[in-house]
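Only one structure is covered here, and it is reproduced in the block below.
The values are calculated or read from the model by the stated rules, or taken from the named source; none is laboratory data. Remember, it's a predicted structure, so these values are computed and weren't measured experimentally. Note that we place each Cβ from the backbone using ideal geometry, even for glycine, and neighbour counts take in every protein chain shown. Quick note on the areas: whole protein, heavy atoms, side chains included, nothing else; ligands and nucleic acids left out. Shrake-Rupley method; radii C 1.70, N 1.55, O 1.52, S 1.80 Å.
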Amino acid sequence: MNKQEIIDILSDNTNNDWLFSEADKIRHENVGDEVHLRGLIEFSNICKRQCKYCGLRSANKQVQRYRIFKDEIINSVQKAVKLGYKTIVLQSGEDDFYDTDKIVEIIREIKFFDVALTLSIGEKTYDEYKAFKDAGADRYLLRIETTDKNLYKNLHPGVNIENRFRCLYDLKSLGYETGTGCLVGLPNQTIESLADDILFFKELDADMVGIGPFIAHSQTPLKDAKNGDFWLALKVMALTRINIPNINIPATTAMETLNPNGRIIALKSGANVVMPNVTSIEYRAKYEIYPNKICLNEQPEQCRNCIEAKIKSIGRTISNKKGVREK
Ligand code: SAH
């Protein structure tokens, strides 16, 4: 689709059912009915950045900060592997305590297990990304958040969008399966810029794209902003599926925060991945990027069983493979 076609669909809500079923059909034809589960470990909520939407921004002094050290991370990985996860996602704030050597060591230990490893630890240099890749990391998640240059600048003090683009192209060139994505419903975000976001995912040839609604956090400068709209986020996701048919698209947790059936609706509208949390309960509530995160009091086992039942209830199956993007 060209930009105008995407804008037209995003601005018109009379054909949403068609859009969602078209995305579902394209998902079925291109990546099949299997759902890939990725076990998410949120290993540090310490962050040096000031993203205005994020509850973990360094200026938020009300967060109880934590770090999970290597041995405990490996423990969680072991548990996740026992639960059948074939991909582990390590996510954190931008926490310089974990320097290249520490991350490399963690990667090497995780790669003793037969799992794919995704990192989601923010903006790094080419050499750092290369060191992680050489150590065995397979994938990297770094949402562009928005491709609107002015909006990006307003929301991310002290950094620039060019560096975020640079990171994504570095990751691609290093051979990572590269994931990106955007927030939907940020204050002052336009439909035009959402269309640009989708075109950017295609231009990058992203292997994964995660789309989530913005959710206002009370301890951030955007505390009084309106939450993003679940259905608009779903439309951006469905359009991403239609425009890049063979990629992996998660049904994001933020969607479930805004709609109690959000992940299942997303799985029926183009998504083929779910990222259940495998972080120990003692840390979960503290990784509050946005409020009302789901499953805060559920053990990893419970999350695994719960999502499996939901996925089966819509006639889909859980993959026992790593879920590499197949071109
Ligand atoms: N530091 C890492 C991980 C960020 S947390 C990085 O920079 O990539 C993962 C994602 O949470 C972010 O990319 C952002 O899109 C999302 N997020 C942050 N705050 C949010 C909010 N208030 N509402 C919805 N999603 C949010």
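Annotations
- For the pair region 26-67 and region 243-311, the centres of their Cα atoms are 11 angstrom apart.
- The eigenvalues of the Cα gyration tensor, multiplied by 5 and square-rooted, give the chain an equivalent ellipsoid with semi-axes of 27, 23, 20 Å from largest to smallest.
- Extension gain for the segment K327 to D127, taken as residue separation times 0.36 nm less the Cα-Cα distance, is 69.3 nm to one decimal.
- Rolling a 1.4 angstrom probe over the protein heavy atoms with all chains in place gives region 203-327 an accessible area of 39 Å² per residue.
- Stretchable slack from Q219 to N13, in nm (0.36 nm times residue separation minus alpha-carbon distance): 70.9 nm
- Over 25 Å between alpha carbons, listed pairs K102/K293; K25/K226; K82/K322: K102/K293; K25/K226
- What you get for region 17-148, charging only the Cβ of Lys and Arg (+1) and of Asp and Glu (-1), is a dipole of about 460 debye around the Cα centre.
- Checking the Cα-Cα distances for K61/K310; K223/K286; K52/K268 against a 27 Å cut-off, the pairs over it are K61/K310; K52/K268.
- The chain: Cys lacking any partner C-beta under 4.7 angstrom: C47, C167, C182, C295, C303, C306
- Share of carbon and sulfur in the accessible heavy-atom surface of region 198-301 [1.4 Å probe, %]: 50 percent
- Contour excess over end-to-end distance, with Cα ends at K102 and L199 and 0.36 nm allotted per residue: 31.3 nm
- A Gaussian network model of the chain, with springs between Cα atoms under 10 Å, assigns the largest mean-square fluctuation among L174, L183, L40 to L174.
- Extending 7 Å from the Cα toward the beta-carbon at both A59 and Q302 defines two label points whose distance is 3.6 nm.
- Farthest toward the positive end of the dipole of the chain, out of P250, Q62, A266, is the Cα of Q62, where the dipole comes from beta carbon charges about the Cα centre.
- Residues whose placed amide H lies under 5 Å from that of T87, excluding near-sequence neighbours: G39, A116
- Label point of D229 set 7 angstrom out along Cα-Cβ; within region 1-36, amide nitrogens under 20 Å from it belong to 3-23.
- DSSP bridge analysis restricted to the chain gives an antiparallel fraction near 5%, rounded to the nearest 5.
- Dipole moment magnitude, nearest 20 debye, the chain about Cα centre, only Lys, Arg, Asp, Glu C-beta charged: 560 debye
- Extreme residue, positive dipole direction of the chain, given options C51, G39, G158 (C-beta unit charges): G39
- The chain: most fluctuating residue of E177, E145, E203 per GNM, C-alpha cutoff 10 Å: E203
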